[in-house]
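The structure appears right after this line, and notes come after that.
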Amino acid sequence: MTTLFPHPSLADAIDPSVDHAIQAIVSGASTDDTCSTDLAAGPWNFDTRPGYGPGSSMGDVIPVGAPRQGELPQEYRDADEDELHARIAAAKETLGDRVIVMGHFYQRDEVVQHADYVGDSFQLATAAKEHGRAEAIVFCGVHFMAETADLLSGADQAVILPNLAAGCSMADMADIDQVEECWEQLADVLGPLDVPDADGRVPVIPVTYMNSSAAIKGFVGRHGGIVCTSSNARTVLEWAFARGRRVLFFPDQHLGRNTAKGMGVALEQMPMWNPRRPLGGNDADALVNSQVILWHGFCSVHRRFTVDQIDQARAEHPGVRVIVHPECPMEVVDAADEAGSTDYIRKAIAAATEPTTFAVGTEINLVRRLAAQYPQHEIFCLDPVVCPCSTMYRIHPGYLAWVLEELVAGRTPNRITVPADVADPARLALERMLAARPPAAASTPAQVETR
Ligand code: SF4
(Lines give C-alpha, C1' and ligand atoms only; values in the text may rest on other atoms or scores of the structure.)
Protein backbone atom coordinates (compact mmCIF):
# COMPACT_ATOMS: atom_id res chain seq x y z
CA MET A 1 0.00 0.00 0.00
CA THR A 2 1.26 3.47 -0.89
CA THR A 3 1.44 5.62 2.19
CA LEU A 4 1.73 9.37 2.51
CA PHE A 5 2.81 9.27 6.12
CA PRO A 6 4.27 5.81 6.64
CA HIS A 7 5.19 4.52 10.03
CA PRO A 8 8.89 5.24 10.45
CA SER A 9 11.46 2.49 10.36
CA LEU A 10 12.55 2.41 13.98
CA ALA A 11 16.06 1.83 15.20
CA ASP A 12 16.33 -1.39 17.19
CA ALA A 13 18.53 0.15 19.86
CA ILE A 14 15.95 2.61 21.22
CA ASP A 15 12.59 1.39 22.50
CA PRO A 16 10.02 4.08 21.65
CA SER A 17 7.26 2.45 23.71
CA VAL A 18 5.85 4.76 26.38
CA ASP A 19 3.87 1.81 27.72
CA HIS A 20 7.08 -0.14 28.33
CA ALA A 21 8.52 2.89 30.13
CA ILE A 22 5.44 3.19 32.37
CA GLN A 23 5.37 -0.55 33.09
CA ALA A 24 9.04 -0.34 34.12
CA ILE A 25 8.32 2.60 36.43
CA VAL A 26 5.40 0.82 38.08
CA SER A 27 7.35 -2.42 38.53
CA GLY A 28 10.32 -0.56 40.05
CA ALA A 29 12.65 -1.49 37.18
CA SER A 30 13.01 2.21 36.33
CA THR A 31 13.58 5.18 38.61
CA ASP A 32 11.89 7.58 36.20
CA ASP A 33 8.62 9.22 37.21
CA THR A 34 5.18 9.10 35.63
CA CYS A 35 2.23 11.45 36.14
CA SER A 36 -0.14 8.50 36.60
CA THR A 37 0.67 4.93 37.55
CA ASP A 38 -2.95 4.12 36.56
CA LEU A 39 -1.78 4.27 32.94
CA ALA A 40 -0.01 0.93 33.46
CA ALA A 41 -3.39 -0.80 33.78
CA GLY A 42 -5.71 -1.58 30.88
CA PRO A 43 -7.94 1.41 30.07
CA TRP A 44 -11.02 -0.85 30.37
CA ASN A 45 -10.57 -0.53 34.14
CA PHE A 46 -11.60 3.12 33.83
CA ASP A 47 -14.17 2.77 31.05
CA THR A 48 -16.77 0.91 33.06
CA ARG A 49 -19.45 3.55 32.40
CA PRO A 50 -21.03 2.43 29.13
CA GLY A 51 -21.71 5.46 27.01
CA TYR A 52 -20.46 7.83 24.43
CA GLY A 53 -17.25 8.42 26.34
CA PRO A 54 -15.88 11.93 26.68
CA GLY A 55 -16.41 12.05 22.92
CA SER A 56 -16.57 15.32 21.13
CA SER A 57 -17.54 17.15 24.25
CA MET A 58 -18.83 15.86 27.54
CA GLY A 59 -21.35 18.71 27.50
CA ASP A 60 -22.80 17.84 24.11
CA VAL A 61 -26.04 15.94 23.79
CA ILE A 62 -25.37 12.36 22.71
CA PRO A 63 -26.62 12.05 19.13
CA VAL A 64 -29.58 9.75 18.57
CA GLY A 65 -28.34 6.35 17.47
CA ALA A 66 -24.74 7.06 18.47
CA PRO A 67 -22.85 3.94 19.55
CA ARG A 68 -22.20 3.27 23.21
CA GLN A 69 -18.89 1.82 24.34
CA GLY A 70 -19.59 -1.66 25.61
CA GLU A 71 -17.27 -3.69 27.78
CA LEU A 72 -14.22 -4.98 25.94
CA PRO A 73 -14.57 -8.79 25.80
CA GLN A 74 -12.40 -10.60 28.33
CA GLU A 75 -10.27 -12.39 25.73
CA TYR A 76 -8.83 -9.04 24.61
CA ARG A 77 -8.19 -7.89 28.15
CA ASP A 78 -6.35 -11.12 28.97
CA ALA A 79 -4.24 -11.25 25.81
CA ASP A 80 -0.60 -10.18 26.13
CA GLU A 81 1.18 -7.78 23.79
CA ASP A 82 2.48 -10.52 21.46
CA GLU A 83 -0.94 -12.17 21.07
CA LEU A 84 -2.67 -8.85 20.35
CA HIS A 85 0.04 -7.95 17.84
CA ALA A 86 -0.49 -11.26 16.02
CA ARG A 87 -4.30 -10.96 16.05
CA ILE A 88 -4.22 -7.38 14.73
CA ALA A 89 -1.81 -8.34 11.95
CA ALA A 90 -3.92 -11.38 11.00
CA ALA A 91 -7.17 -9.38 10.92
CA LYS A 92 -5.56 -6.68 8.80
CA GLU A 93 -4.25 -9.32 6.42
CA THR A 94 -7.76 -10.80 6.08
CA LEU A 95 -9.40 -7.42 5.54
CA GLY A 96 -6.78 -6.20 3.04
CA ASP A 97 -7.75 -2.99 1.21
CA ARG A 98 -11.22 -3.04 2.78
CA VAL A 99 -9.82 -1.34 5.87
CA ILE A 100 -7.31 1.39 6.53
CA VAL A 101 -5.81 2.08 9.95
CA MET A 102 -4.88 5.64 10.92
CA GLY A 103 -2.53 6.39 13.84
CA HIS A 104 -2.11 9.85 15.32
CA PHE A 105 1.43 11.04 16.12
CA TYR A 106 0.53 10.91 19.84
CA GLN A 107 -0.81 7.37 19.75
CA ARG A 108 0.98 4.64 21.72
CA ASP A 109 3.57 2.74 19.73
CA GLU A 110 1.91 -0.67 20.11
CA VAL A 111 -0.96 0.74 18.05
CA VAL A 112 1.00 3.00 15.69
CA GLN A 113 3.08 0.07 14.45
CA HIS A 114 -0.11 -1.28 12.81
CA ALA A 115 -1.10 2.02 11.22
CA ASP A 116 -1.11 2.47 7.45
CA TYR A 117 -0.77 6.21 7.99
CA VAL A 118 0.76 8.18 10.84
CA GLY A 119 0.20 11.91 11.06
CA ASP A 120 -1.63 14.77 12.72
CA SER A 121 -5.41 14.88 12.78
CA PHE A 122 -5.85 16.84 9.57
CA GLN A 123 -3.25 14.88 7.63
CA LEU A 124 -4.99 11.66 8.62
CA ALA A 125 -8.46 12.94 7.72
CA THR A 126 -7.10 14.08 4.35
CA ALA A 127 -5.42 10.71 3.80
CA ALA A 128 -8.73 8.98 4.60
CA LYS A 129 -10.34 11.05 1.85
CA GLU A 130 -7.80 9.63 -0.62
CA HIS A 131 -8.91 6.08 0.14
CA GLY A 132 -12.43 6.11 -1.21
CA ARG A 133 -12.40 2.35 -1.78
CA ALA A 134 -11.77 1.40 1.86
CA GLU A 135 -15.02 0.33 3.52
CA ALA A 136 -13.77 1.14 6.99
CA ILE A 137 -11.34 3.70 8.39
CA VAL A 138 -10.16 2.68 11.84
CA PHE A 139 -9.06 5.94 13.43
CA CYS A 140 -6.62 5.48 16.30
CA GLY A 141 -6.85 8.98 17.70
CA VAL A 142 -9.56 10.77 19.66
CA HIS A 143 -13.20 11.51 19.01
CA PHE A 144 -12.99 14.88 17.26
CA MET A 145 -10.42 13.41 14.83
CA ALA A 146 -12.76 10.56 13.91
CA GLU A 147 -15.52 13.12 13.37
CA THR A 148 -13.29 15.10 11.02
CA ALA A 149 -12.43 11.92 9.12
CA ASP A 150 -16.16 11.22 8.81
CA LEU A 151 -16.73 14.75 7.46
CA LEU A 152 -14.09 14.29 4.77
CA SER A 153 -14.56 10.62 3.87
CA GLY A 154 -17.18 9.07 1.60
CA ALA A 155 -20.76 8.65 2.81
CA ASP A 156 -20.55 4.87 2.56
CA GLN A 157 -17.26 4.64 4.46
CA ALA A 158 -17.45 3.77 8.15
CA VAL A 159 -15.10 5.70 10.45
CA ILE A 160 -14.44 3.63 13.55
CA LEU A 161 -13.01 4.84 16.86
CA PRO A 162 -11.70 1.71 18.63
CA ASN A 163 -12.54 3.03 22.12
CA LEU A 164 -15.33 5.61 22.38
CA ALA A 165 -13.86 6.85 25.65
CA ALA A 166 -10.94 8.36 23.72
CA GLY A 167 -11.92 12.02 23.85
CA CYS A 168 -9.90 15.21 24.10
CA SER A 169 -9.93 17.28 27.27
CA MET A 170 -9.31 20.45 25.24
CA ALA A 171 -12.21 19.80 22.86
CA ASP A 172 -14.41 19.15 25.88
CA MET A 173 -13.69 22.67 27.19
CA ALA A 174 -15.99 24.28 24.61
CA ASP A 175 -19.40 22.70 24.21
CA ILE A 176 -21.96 23.96 21.74
CA ASP A 177 -24.35 25.39 24.34
CA GLN A 178 -21.57 27.48 25.89
CA VAL A 179 -20.49 28.78 22.49
CA GLU A 180 -24.08 29.66 21.48
CA GLU A 181 -24.50 31.51 24.79
CA CYS A 182 -21.23 33.38 24.26
CA TRP A 183 -22.39 34.42 20.77
CA GLU A 184 -25.64 35.83 22.16
CA GLN A 185 -23.80 37.80 24.83
CA LEU A 186 -21.37 39.20 22.28
CA ALA A 187 -24.33 40.36 20.16
CA ASP A 188 -25.68 42.20 23.22
CA VAL A 189 -22.40 44.11 23.49
CA LEU A 190 -21.30 44.46 19.85
CA GLY A 191 -24.65 44.70 18.09
CA PRO A 192 -25.93 42.44 15.29
CA LEU A 193 -23.05 40.11 14.48
CA ASP A 194 -23.96 39.57 10.83
CA VAL A 195 -24.06 43.26 9.84
CA PRO A 196 -20.85 44.50 8.19
CA ASP A 197 -19.40 47.96 8.79
CA ALA A 198 -18.43 50.48 6.09
CA ASP A 199 -15.28 48.41 5.40
CA GLY A 200 -17.38 45.30 4.85
CA ARG A 201 -16.23 43.67 8.09
CA VAL A 202 -18.62 42.07 10.57
CA PRO A 203 -18.11 42.64 14.33
CA VAL A 204 -16.62 39.19 15.01
CA ILE A 205 -15.52 36.10 13.08
CA PRO A 206 -15.52 32.76 14.97
CA VAL A 207 -12.40 30.63 14.49
CA THR A 208 -12.15 27.15 15.91
CA TYR A 209 -9.06 25.00 16.26
CA MET A 210 -9.30 21.59 14.60
CA ASN A 211 -9.36 20.17 18.16
CA SER A 212 -13.06 20.79 18.65
CA SER A 213 -16.27 18.88 18.18
CA ALA A 214 -18.07 18.73 14.84
CA ALA A 215 -20.88 20.69 16.52
CA ILE A 216 -18.47 23.58 17.10
CA LYS A 217 -17.13 23.37 13.56
CA GLY A 218 -20.75 23.47 12.36
CA PHE A 219 -21.41 26.57 14.50
CA VAL A 220 -18.41 28.28 12.96
CA GLY A 221 -19.51 27.33 9.45
CA ARG A 222 -23.00 28.76 10.07
CA HIS A 223 -21.61 32.07 11.31
CA GLY A 224 -19.12 32.90 8.55
CA GLY A 225 -16.17 31.40 10.41
CA ILE A 226 -13.36 29.00 9.74
CA VAL A 227 -11.31 26.12 11.19
CA CYS A 228 -7.55 26.29 11.77
CA THR A 229 -4.75 23.87 12.54
CA SER A 230 -1.57 24.59 14.46
CA SER A 231 0.21 24.76 11.07
CA ASN A 232 -2.01 27.40 9.46
CA ALA A 233 -3.34 29.42 12.42
CA ARG A 234 -1.72 32.66 11.24
CA THR A 235 -3.05 32.36 7.69
CA VAL A 236 -6.50 31.65 9.09
CA LEU A 237 -6.38 34.64 11.45
CA GLU A 238 -5.36 36.86 8.52
CA TRP A 239 -8.36 35.47 6.59
CA ALA A 240 -10.60 36.27 9.56
CA PHE A 241 -9.28 39.81 10.08
CA ALA A 242 -9.98 40.55 6.41
CA ARG A 243 -13.63 39.77 7.11
CA GLY A 244 -14.16 40.79 10.73
CA ARG A 245 -13.12 43.49 13.19
CA ARG A 246 -12.20 40.89 15.77
CA VAL A 247 -11.95 37.12 16.23
CA LEU A 248 -13.52 34.74 18.73
CA PHE A 249 -10.95 31.93 18.99
CA PHE A 250 -11.64 28.59 20.62
CA PRO A 251 -11.01 26.27 22.37
CA ASP A 252 -7.21 26.67 22.83
CA GLN A 253 -6.27 30.00 24.40
CA HIS A 254 -2.55 29.30 23.96
CA LEU A 255 -2.58 28.68 20.21
CA GLY A 256 -4.75 31.79 19.82
CA ARG A 257 -2.55 33.96 22.01
CA ASN A 258 0.77 32.74 20.60
CA THR A 259 -0.40 33.20 17.01
CA ALA A 260 -2.02 36.61 17.51
CA LYS A 261 0.97 37.87 19.51
CA GLY A 262 3.24 36.83 16.63
CA MET A 263 1.06 38.96 14.35
CA GLY A 264 1.50 42.00 16.58
CA VAL A 265 -1.80 41.93 18.49
CA ALA A 266 -1.33 43.46 21.97
CA LEU A 267 -2.00 41.21 24.95
CA GLU A 268 -4.46 43.74 26.40
CA GLN A 269 -6.54 43.32 23.25
CA MET A 270 -6.88 39.58 23.88
CA PRO A 271 -9.41 39.18 26.71
CA MET A 272 -10.18 35.68 27.94
CA TRP A 273 -13.72 34.31 27.75
CA ASN A 274 -14.62 32.17 30.75
CA PRO A 275 -17.91 30.47 29.79
CA ARG A 276 -18.96 30.19 33.43
CA ARG A 277 -19.07 33.95 33.99
CA PRO A 278 -21.26 36.75 32.56
CA LEU A 279 -19.60 38.32 29.51
CA GLY A 280 -16.92 35.68 29.98
CA GLY A 281 -15.65 37.56 33.04
CA ASN A 282 -15.02 40.79 31.07
CA ASP A 283 -16.53 44.24 31.06
CA ALA A 284 -18.16 45.46 27.87
CA ASP A 285 -15.31 47.89 27.08
CA ALA A 286 -12.75 45.10 27.08
CA LEU A 287 -14.82 43.23 24.50
CA VAL A 288 -15.44 46.33 22.37
CA ASN A 289 -11.70 47.10 22.35
CA SER A 290 -10.64 43.50 21.72
CA GLN A 291 -8.93 42.06 18.68
CA VAL A 292 -8.98 38.40 19.67
CA ILE A 293 -11.32 36.97 22.31
CA LEU A 294 -9.65 33.82 23.65
CA TRP A 295 -11.70 30.91 24.95
CA HIS A 296 -10.67 29.57 28.35
CA GLY A 297 -9.36 26.23 27.05
CA PHE A 298 -6.01 24.46 27.01
CA CYS A 299 -4.33 21.13 26.35
CA SER A 300 -3.52 19.30 29.56
CA VAL A 301 -0.46 17.75 27.90
CA HIS A 302 1.12 20.92 26.54
CA ARG A 303 0.30 22.91 29.66
CA ARG A 304 2.84 20.78 31.54
CA PHE A 305 5.80 22.44 29.80
CA THR A 306 7.52 25.24 31.72
CA VAL A 307 10.25 27.84 31.37
CA ASP A 308 12.12 26.12 34.23
CA GLN A 309 12.32 22.95 32.13
CA ILE A 310 13.81 24.98 29.27
CA ASP A 311 16.32 26.63 31.63
CA GLN A 312 17.31 23.22 32.95
CA ALA A 313 17.70 21.78 29.44
CA ARG A 314 19.94 24.70 28.46
CA ALA A 315 22.04 24.31 31.63
CA GLU A 316 22.51 20.57 31.21
CA HIS A 317 22.84 20.51 27.41
CA PRO A 318 24.75 23.58 26.14
CA GLY A 319 23.76 24.26 22.54
CA VAL A 320 20.44 22.39 22.87
CA ARG A 321 17.78 23.33 20.31
CA VAL A 322 14.44 23.78 22.07
CA ILE A 323 11.31 23.28 19.93
CA VAL A 324 7.83 23.46 21.46
CA HIS A 325 4.26 23.15 20.22
CA PRO A 326 2.18 26.37 20.05
CA GLU A 327 -0.38 24.80 22.43
CA CYS A 328 2.24 25.51 25.14
CA PRO A 329 1.81 28.62 27.31
CA MET A 330 3.13 31.90 25.88
CA GLU A 331 6.11 32.15 28.27
CA VAL A 332 7.26 28.70 27.16
CA VAL A 333 6.93 29.54 23.47
CA ASP A 334 8.81 32.80 24.10
CA ALA A 335 11.64 30.97 25.89
CA ALA A 336 12.00 28.27 23.21
CA ASP A 337 14.13 28.57 20.09
CA GLU A 338 11.26 27.55 17.81
CA ALA A 339 7.59 26.78 18.02
CA GLY A 340 5.55 24.79 15.53
CA SER A 341 3.06 22.04 14.91
CA THR A 342 3.87 18.34 15.28
CA ASP A 343 4.55 18.24 11.57
CA TYR A 344 6.90 21.21 11.89
CA ILE A 345 8.76 19.54 14.77
CA ARG A 346 9.11 16.31 12.83
CA LYS A 347 10.38 18.07 9.71
CA ALA A 348 12.80 20.28 11.66
CA ILE A 349 14.45 17.21 13.19
CA ALA A 350 14.48 15.36 9.86
CA ALA A 351 16.18 18.36 8.22
CA ALA A 352 19.04 18.61 10.76
CA THR A 353 22.20 17.51 8.95
CA GLU A 354 24.60 17.67 11.92
CA PRO A 355 24.21 15.65 15.14
CA THR A 356 22.08 17.90 17.34
CA THR A 357 20.55 17.83 20.79
CA PHE A 358 16.81 18.57 20.67
CA ALA A 359 14.61 19.28 23.68
CA VAL A 360 11.04 18.93 22.46
CA GLY A 361 7.89 20.27 24.11
CA THR A 362 5.16 18.02 22.82
CA GLU A 363 3.50 14.69 23.57
CA ILE A 364 5.95 12.02 24.65
CA ASN A 365 4.89 9.23 22.28
CA LEU A 366 5.95 11.38 19.34
CA VAL A 367 9.16 12.49 21.05
CA ARG A 368 10.26 8.94 21.87
CA ARG A 369 9.42 7.78 18.34
CA LEU A 370 11.54 10.61 16.89
CA ALA A 371 14.39 9.68 19.26
CA ALA A 372 14.24 6.10 17.96
CA GLN A 373 14.00 7.17 14.35
CA TYR A 374 16.93 9.62 14.49
CA PRO A 375 19.58 7.99 16.72
CA GLN A 376 22.23 10.34 15.27
CA HIS A 377 20.60 13.11 17.35
CA GLU A 378 19.94 13.31 21.07
CA ILE A 379 16.21 13.93 21.36
CA PHE A 380 14.38 14.18 24.66
CA CYS A 381 11.10 15.47 26.02
CA LEU A 382 11.33 18.75 27.94
CA ASP A 383 9.13 17.30 30.67
CA PRO A 384 11.14 14.67 32.58
CA VAL A 385 7.93 13.03 33.83
CA VAL A 386 6.55 10.30 31.56
CA CYS A 387 3.06 11.70 30.91
CA PRO A 388 1.30 10.80 27.66
CA CYS A 389 -2.05 12.15 26.47
CA SER A 390 -4.20 9.98 28.73
CA THR A 391 -7.27 10.09 26.49
CA MET A 392 -5.37 9.11 23.34
CA TYR A 393 -3.88 6.34 25.51
CA ARG A 394 -7.35 4.78 25.80
CA ILE A 395 -6.79 3.21 22.37
CA HIS A 396 -5.10 0.10 23.73
CA PRO A 397 -4.13 -2.60 21.19
CA GLY A 398 -6.87 -4.75 22.76
CA TYR A 399 -9.49 -2.34 21.37
CA LEU A 400 -7.79 -2.27 17.97
CA ALA A 401 -7.78 -6.10 17.82
CA TRP A 402 -11.45 -6.15 18.85
CA VAL A 403 -12.72 -3.71 16.19
CA LEU A 404 -10.68 -5.38 13.44
CA GLU A 405 -11.95 -8.85 14.36
CA GLU A 406 -15.50 -7.48 14.50
CA LEU A 407 -15.02 -6.19 10.94
CA VAL A 408 -13.73 -9.62 9.87
CA ALA A 409 -16.93 -11.09 11.35
CA GLY A 410 -19.04 -8.70 9.28
CA ARG A 411 -19.98 -6.29 12.07
CA THR A 412 -19.16 -2.54 12.24
CA PRO A 413 -18.57 -1.44 15.83
CA ASN A 414 -18.09 2.10 17.19
CA ARG A 415 -19.00 3.94 14.00
CA ILE A 416 -18.70 7.72 14.31
CA THR A 417 -21.30 9.55 12.24
CA VAL A 418 -21.75 13.31 12.14
CA PRO A 419 -25.42 14.22 11.51
CA ALA A 420 -26.05 16.00 8.17
CA ASP A 421 -27.32 19.23 9.78
CA VAL A 422 -23.97 19.55 11.57
CA ALA A 423 -21.81 18.04 8.84
CA ASP A 424 -22.79 20.48 6.06
CA PRO A 425 -21.77 23.72 7.84
CA ALA A 426 -18.77 21.97 9.45
CA ARG A 427 -17.51 20.99 5.98
CA LEU A 428 -18.02 24.59 4.87
CA ALA A 429 -15.75 25.80 7.70
CA LEU A 430 -13.12 23.20 6.70
CA GLU A 431 -13.37 24.18 3.03
CA ARG A 432 -12.80 27.83 3.93
CA MET A 433 -9.64 26.76 5.73
CA LEU A 434 -8.42 24.76 2.74
CA ALA A 435 -9.02 27.73 0.46
CA ALA A 436 -7.42 30.31 2.79
CA ARG A 437 -4.12 31.69 1.47
CA PRO A 438 -1.74 34.08 3.19
CA PRO A 439 -1.96 37.64 1.83
CA ALA A 440 0.81 38.32 -0.70
CA ALA A 441 2.76 40.49 1.73
CA ALA A 442 2.40 38.10 4.66
CA SER A 443 4.87 35.50 5.87
CA THR A 444 4.69 31.96 4.62
CA PRO A 445 3.46 29.34 7.14
CA ALA A 446 7.03 28.05 7.53
CA GLN A 447 8.22 31.52 8.50
CA VAL A 448 5.34 31.86 10.92
CA GLU A 449 6.42 28.73 12.72
CA THR A 450 10.12 29.60 12.97
CA ARG A 451 10.86 32.29 15.44
S1 SF4 B 1 -2.67 16.07 23.35
FE2 SF4 B 1 -4.07 17.63 24.21
S3 SF4 B 1 -5.17 18.51 22.45
FE4 SF4 B 1 -4.21 16.53 21.77
S5 SF4 B 1 -5.83 14.98 22.06
FE6 SF4 B 1 -4.57 15.00 23.95
S7 SF4 B 1 -5.66 16.47 25.32
FE8 SF4 B 1 -6.44 16.80 23.24
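The values are calculated or read from the model by the stated rules, or taken from the named source; none is laboratory data. Fair warning: this is a prediction, and the values are worked out from it, not measured in the lab. When we count neighbours, we look across all protein chains shown, and the Cβ atoms used for this are built from the backbone with ideal geometry, even at glycine.
Go through (1) within 23 Å of the chain's Cα centre (by Cα); (2) free of Cβ contacts under 8 Å to residues at least 24 places away in the same chain; (3) buried (at least 20 other Cβ atoms within 10 Å of the Cβ) and name the single condition HIS302 misses.
Checking HIS302 against (1) within 23 Å of the chain's Cα centre (by Cα); (2) free of Cβ contacts under 8 Å to residues at least 24 places away in the same chain; (3) buried (at least 20 other Cβ atoms within 10 Å of the Cβ), the one that fails is (2).
Answer yes if at least one residue in the range 263-278 is in contact with a helix residue (DSSP H, G or I) (Cβ under 9 Å, 6 or more places away or on another chain), among the basic types (Lys, Arg) and crowded, with 18+ Cβ neighbours inside 10 Å, and no otherwise.
no
Checking ASP194 against (1) more than 16 Å from the ligand (Cβ to nearest atom); (2) in a loop (DSSP other than H, G, I, E, B); (3) buried (at least 24 other Cβ atoms within 10 Å of the Cβ), only one condition comes out false. Which one?
The number of the failed condition is (3).
Which of the helices (runs of 4 or more DSSP H) found entirely inside the range 328-389 contain at least 1 residues meeting this: under 19 Å from the mean Cα position of the chain (by Cα) and either assigned by TED's automatic domain parsing to the domain that holds TYR106 or not aliphatic (A, V, I, L, M) (or both)?
Per the criteria, 342-351, 364-373.
Among the residues of the range 138-183, which ones are of a type in the set (A, V, I, L, M, F, W, C), more than 15 Å from the ligand (Cβ to nearest atom) and over 23 Å from PHE298 (Cβ atoms)? Outline the logic, then answer.
Keep residues of the range 138-183 that are of a type in the set (A, V, I, L, M, F, W, C), which gives 138-140, 142, 144-146, 149, 151-152, 155, 158-161, 164-166, 168, 170-171, 173-174, 176, 179, 182-183.
Filter again for more than 15 Å from the ligand (Cβ to nearest atom), leaving 138, 151-152, 155, 158-160, 176, 179, 182-183.
Result: VAL138, LEU151, LEU152, ALA155, ALA158, VAL159, ILE160.
Taking only the range 339-359 into account, find how many residues are surrounded by 16 or more Cβ atoms within 10 Å (Cβ to Cβ) and within 17 Å of SER230 (Cβ to Cβ).
The number of residues fulfilling the criteria is 10.
For the range 347-360, check the following and say yes or no: at least one residue is of a type in the set (Ser, Thr, Tyr) and closer than 30 Å to MET272 by Cα. Full working, then the answer.
So in the range 347-360, the residues of a type in the set (Ser, Thr, Tyr) come out as 353, 356-357.
In the following step, the residues that additionally are closer than 30 Å to MET272 by Cα were identified as none.
Looking through the range 347-360, none of the residues is of a type in the set (Ser, Thr, Tyr) and closer than 30 Å to MET272 by Cα.
Taking HIS325 and the conditions (1) out of contact with any strand residue (DSSP E or B) (no Cβ under 7 Å at 6 or more places or on another chain); (2) in contact (Cβ under 8 Å) with a residue 60 or more places away in the chain; (3) not small (Gly, Ala, Ser), which numbered condition does it fall short on, given that it satisfies the others?
(1)
Could you give me the residue pairs with C-beta distances under 9 Å whose first residue belongs to the range 421-435 and is under 21 Å from PHE241 (Cα atoms), whose second residue is aromatic (Phe, Trp, Tyr) wherever it lies, and which are 6+ apart or on separate chains?
Going by the 9 Å Cβ cut-off, the qualifying pairs are PRO425/PHE219; ALA426/PHE219; ALA429/PHE219; LEU430/PHE122; ARG432/TRP239; MET433/PHE122; MET433/TRP239; ALA435/TRP239.
Restricted to the range 138-180, and to residues that are among the β-branched types (Val, Ile, Thr), part of a helix (DSSP H, G or I) and buried (at least 24 other Cβ atoms within 10 Å of the Cβ), which residue is nearest to the chain's Cα centre (by Cα)? Steps first, please.
Pass one, the range 138-180, residues among the β-branched types (Val, Ile, Thr): 138, 142, 148, 159-160, 176, 179.
Imposing the further condition that a residue be part of a helix (DSSP H, G or I) reduces the set to 148, 176, 179.
Subsequent filtering for residues that are buried (at least 24 other Cβ atoms within 10 Å of the Cβ) retains 148, 179.
Numbers: THR148: 11, VAL179: 20 Å.
Residue satisfying both the conditions and the ranking: THR148.
Please determine whether any residue of the range 127-136 is closer than 25 Å to THR362 by Cβ and modelled with pLDDT under 95.
Just the residues of the range 127-136 that are closer than 25 Å to THR362 by Cβ, to begin with: 127-128.
In the following step, the residues that additionally are modelled with pLDDT under 95 were identified as 127-128.
The answer is yes; a qualifying residue exists.
Got a sec? Which of VAL408, VAL386 is over 30 Å from VAL320 (Cβ atoms) and in contact with a Ser or Thr (Cβ under 6 Å, 6 or more places away or on another chain)? Don't jump to the end; show me each part of the working.
Working: VAL386 fails: over 30 Å from VAL320 (Cβ atoms).
Result of the check over VAL408, VAL386: VAL408.
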